[in-house]
Every structure is written in structure tokens, then in C-alpha cells.
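Novice: Input: one structure, supplied below.
The values are calculated or read from the model by the stated rules, or taken from the named source; none is laboratory data. Remember, it's a predicted structure, so these values are computed and weren't measured experimentally. Ideal geometry is used to build each Cβ from the backbone, glycine not excepted, and the neighbour counts take in all protein chains shown.
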Amino acid sequence: MNLNFQQLWRYQDQFIEGVILTVTLTGIAAVAGTLIGLSGAILGRSGPQPVRWFIRSYIEIIRNTPALIQIFLIFFVLPTFGLKLPPFEAASVALSIYFGAYAIEIIRSGLDTIPRSQIEAGASLGLSRWEVFRHIVLAPALRNIYPSFTSQFVLLLLGTSIASQISAEELFHTGSFVESRTYRSFEVYAVVCAIYFALTMAFKGAFAVIGRLAFRWPVRR
Amino acid sequence: MRIFTTSDLFSLFAALQWTIVLVTLAIALGAPLALALALMRISKIAPLRWIAAAYLQLVQGIPLLGLLMFFYFGVPVFLGIQVPAIVAVGIAFAAYSSAFLGEIWRGGIQAVKQAQWEAASSLGITRWQQFRYVIAPQALRIALPATIGFLVQLIKGTSLASVVGFVELARAGQLASAATFQPLLVYSVVAAIYFAMCFPLTIWSRSLEARLNGAR
């Protein structure tokens, strides 16, 4: 029962690289997932019936199955169709698809909170269609979904750890590697958990600041 | 190399019982802790609020995979003891579910109007009785959709117990996939079983929420 964090210092570079890869993976999945979310939310409202049906099943399938199985399916099954992706790329694809399903639901619920009368009020002020969308629909909708969107982002950040299961290189993979070298499992996983916690706090703090700066207009009537 | 047979399907369903054991364990150990955390968060004693808030922030800022590895590989080595897998995994899942349920239930309790507490206290009952008989039943109704939503998250989360060698549904899928070289078929079946468990709960949660919104 002795603690020894000394040995871990040798692997400082690997840990830093792990953090960078984890943040990169999160960033890729968040951006790609948000694009899926935007197009999915718009098509799900106004697209043709088969498209809507497809989007609905996409959301339900992704949200009701484990991300681990989704990653396995992408990584192990795509090669059977002749498309062989390296682990990190496969994880990026799988997590984008995963985040996209949640993003559609969040963005859809944001658009749903804007009453029709508000759009009509904007139009009656003589605003163009684009101005109405930009100021009357998008801005308040973004404000409404901001909290759930950012917490989903944090869940994504933590969720990227499962990419280690197809040996994609990111922070958790680094942890397993260092553990296999040092056998200091307590110290290694304590450090890995602490880094994830620090990342979570940093992103939450940044989101709070951004939210306060971006959504400054008053809402109370 | 052999083909995927009904006996493989049986082994998947046999492993399913361990998934259910894990979910049950997570709820049975996590729920009392979650209730305590929720009550601490609304307590009048500031240090209790701080401790609960710190715990919730901490656990919600760590990946479930990290919790599992820490309690399965880390803690036993540190303490120099042998811990059965089910105990280590059970503790990790209890920590996980207590943090999320604690936050959901606190939200439910705080959604009940303050006037309800005041009305209850004017009846001359103790603060615990106020909570137990007046606040909790209303809070439960409000928090039920989110609680069931978390149950879905938990069922999916048990798939991560596979990484510490726990043979539940996801791990059984890996084994079957390795034996048959039919990942598409095996993982599709595994995904379908998870879906069959989670989707009805999702629907239930959604209908409860719709009813709740209608009632307000």
C-alpha cells in the first residue's frame, strides 16, 4: 500500500499526446455530429416522408444501443465491405454518428420552442426570411439548447474513452499502455481519471463563459 | 471457423442475465446513495451541500470506463487485496448511478413548489415526514421520466463491464464474434437485444413525460 507517482513522469509526453488526441476526437465528433444534427433536424421537420422515417429510426437505433457496440460494428464490419478504416478514423466515424443522433434531438427540441407567432411577428416587422431565421428562430433556439448541448458535449468527451477498446490512440489508451509498462494501476487510473475530470471542468468553465458572452440579451418580459 | 448457431444465440441470452444483474446491482446500491445525495444537496447545512456537489461533479466528470478500471484494477492493487470482479464492478456502477440519479432526483425535489414544504410544516409534522409524505410523492412523479431515461443509459453502460472481462451481453458478443468470424451478424444481434431492452423504456419515459407536461 504505497503510492508511487514518480514512475509516471517518464510518460508525461504520452499523456499529453493522449489528451490532444482525446480533444481532437471529441472535436471531430462534435463538429461532424452537429452538422448531422442540423441537417437531420431540418430534414426531420420538412423532408419527404421516407427521409423523416429514416431519421426517426436512425435516432432511435443509435440512442437505444451501446456506443461500444456501435464502435465495434463500424470497426469490425466495414472491412467486410472492403472499407478498412484505421482505429482512430473508425472511432471518429462511429462517435460522429453517435453524437449526431443526440444532436438532432437537441436541435429539433430547440426549434420546437420557437412559437409560430414569433416568426409571424418578425415577418410583420418587415424582416427578410433570412433575418427572421437568423434573429427570431436561430438565436433564441441556440440559447434554449445551449445547456443540453454543452452537457451532451461533456458526455461525448467522456464517451471517447471507449475508442480505446478498438485500440484507437487517445487518453484512455495511453493509460492502459502506461499501466502495462509500470504495473502501477492505481496511480495510472487515478491520473487518467483526474485528467478527464480536469478536461471536463475546463470545458464546462469555457462553455459557461461563452454562454454568458453570447447570450446577453434579456429574456424577461 | 464455424457458423453462428442457435447455441451461440443461447450463450448471448445466458450472458444477458449478467447484464440484468449489473443493472440491478447498480440500482440497488446506487439508489439509496442517490437519495442521500439529493437530500444533502437541498440540506440547510452548507458543508453537506458542498460535499454532495463535489461528489456529483467528480463522478460526472470521469468516464464510466475510468471508474470501472479504477475500482477493478486500481483499488485492489492499492489495498493489496483480492476483490471479486462483481464487487469491484458493482461499486463502480453504484458510484456512477448514484451521481446521475442524485442529480435527477434533486431536480425533482426542487421542482416541487416551496409552498408545499411550508404547507406541510404548518401541519406540525417533522421535516422528514414533510419530505416523505408530501414532497417525495410529487417529486417522484416529476423525476420518473428522467429516471427511466437514466435506466436506458445504465443498461447501455453495463456493456463497458466487458472491458474488465465480465461476461455480460457485450463480452459474450465479442467471444461469439471471435469464434465465428461473423462480426456483422453477431454485433447486429447484440445491438438488437440491447435495443429490445432499451426502446420500450424510452417509449415509456416519453409517454410519462408527455402526460406530465399535459397535467401541468
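Novice: I need a count of the residues in the range A:1-39 that are closer than 29 Å to A:Val93 by Cα and either among the charged types (D, E, K, R) or not in a helix (DSSP H, G or I) (or both).
Specialist: So the count comes out to 2.
Novice: Collect the residues in the range A:54-98 that are in a helix (DSSP H, G or I), of a type outside the set (A, V, I, L, M, F, W, C) and farther than 19 Å from A:Thr22 by Cα, keeping them in residue-number order.
Specialist: Within the range A:54-98, A:Arg56, A:Ser57, A:Tyr58, A:Glu60, A:Arg63, A:Pro79, A:Thr80 meet the criteria.
Novice: Can I ask one more? Please identify the pairs in which a residue from the range B:178-189 that is closer than 14 Å to A:Leu68 by Cα has its Cβ atom under 8 Å from the Cβ atom of a residue that is β-branched (Val, Ile, Thr) and surrounded by 20 or more Cβ atoms within 10 Å (Cβ to Cβ), counting only partners at least 6 apart or on another chain.
Specialist: Every condition considered, the pairs that remain are B:Tyr187/A:Ile69.
Novice: All but one of (1) more than 28 Å from A:Glu187 (Cβ to Cβ); (2) at pLDDT below 90 hold for A:Gln12; which doesn't?
Specialist: Every listed condition holds for A:Gln12 apart from (1).
Novice: To continue, here is another question. Among the residues of the range B:167-216, write down those that are of a type in the set (Phe, Trp, Tyr) and over 29 Å from B:Val112 (Cβ atoms).
Specialist: The answer is B:Phe181, B:Tyr187, B:Tyr194, B:Phe195, B:Phe199.
Novice: Restricting to the range A:151-193, give me the number of residues that are buried (at least 18 other Cβ atoms within 10 Å of the Cβ) and polar (S, T, N, Q).
Specialist: Total satisfying the criteria: 8.
Novice: While we're here: Please find, among B:Leu144, B:Leu212, B:Leu185, B:Leu151, the residue that is more than 8 Å from chain A (Cβ to nearest Cβ), surrounded by fewer than 19 Cβ atoms within 10 Å (Cβ to Cβ), of a type in the set (A, V, I, L, M) and within 18 Å of the chain's Cα centre (by Cα).
Specialist: B:Leu144
Novice: Run B:Ala28 past the list (1) more than 27 Å from A:Leu3 (Cβ to Cβ); (2) more than 12 Å from chain A (Cβ to nearest Cβ); (3) buried (at least 22 other Cβ atoms within 10 Å of the Cβ) and report the number of the one that doesn't hold.
Specialist: (3)
Novice: Right, next: What's the total number of residues in the range A:156-191 that are under 19 Å from B:Ala92 (Cβ atoms) and without any contact (Cβ under 8 Å) to a residue 24 or more places away in the chain?
Specialist: So the count comes out to 6.
Novice: If I filter the range B:190-208 down to residues being of a type outside the set (A, V, I, L, M, F, W, C) and within 8 Å of chain A (Cβ to nearest Cβ), which single residue comes out as surrounded by the fewest Cβ atoms within 10 Å (Cβ to Cβ)?
Specialist: B:Thr202
Novice: Kindly indicate whether any position in the range B:17-39 is in contact (Cβ under 8 Å) with a residue 12 or more places away in the chain, in a helix (DSSP H, G or I), among the polar types (S, T, N, Q) and within 20 Å of A:Gly159 (Cα to Cα).
Specialist: Yes.
Novice: If the requirement is being at pLDDT 95 or above, away from chain A (no Cβ under 14 Å) and out of contact with any Phe, Trp or Tyr (no Cβ under 7 Å at 6 or more places or on another chain), which of these qualifies: B:Ala36, B:Ala54, B:Ala115, B:Ala119?
Specialist: Within the list B:Ala36, B:Ala54, B:Ala115, B:Ala119, the selection yields B:Ala36.
Novice: State which residue is nearest to A:Ala101 (Cα to Cα) when the search covers only the range A:39-91 and only residues that are within 8 Å of another protein chain (Cβ to nearest Cβ) and among the hydroxyl-bearing types (Ser, Thr, Tyr).
Specialist: A:Thr65
Novice: Sticking with this structure for a sec: Have a look at B:Val134, B:Val164 and point out the one that is in contact with a helix residue (DSSP H, G or I) (Cβ under 9 Å, 6 or more places away or on another chain), within 14 Å of another protein chain (Cβ to nearest Cβ), crowded, with 17+ Cβ neighbours inside 10 Å and not aromatic (Phe, Trp, Tyr).
Specialist: Exactly one of B:Val134, B:Val164 is in contact with a helix residue (DSSP H, G or I) (Cβ under 9 Å, 6 or more places away or on another chain), within 14 Å of another protein chain (Cβ to nearest Cβ), crowded, with 17+ Cβ neighbours inside 10 Å and not aromatic (Phe, Trp, Tyr), namely B:Val164.
Novice: Right, here's the next one. Starting from residues that are among the hydrophobic types (A, V, I, L, M, F, W, C) and in contact with a Leu (Cβ under 7 Å, 6 or more places away or on another chain), keep the ones in the range B:63-74 and report whichever is farthest from the other protein chains (Cβ to nearest Cβ).
Specialist: That would be B:Leu68.
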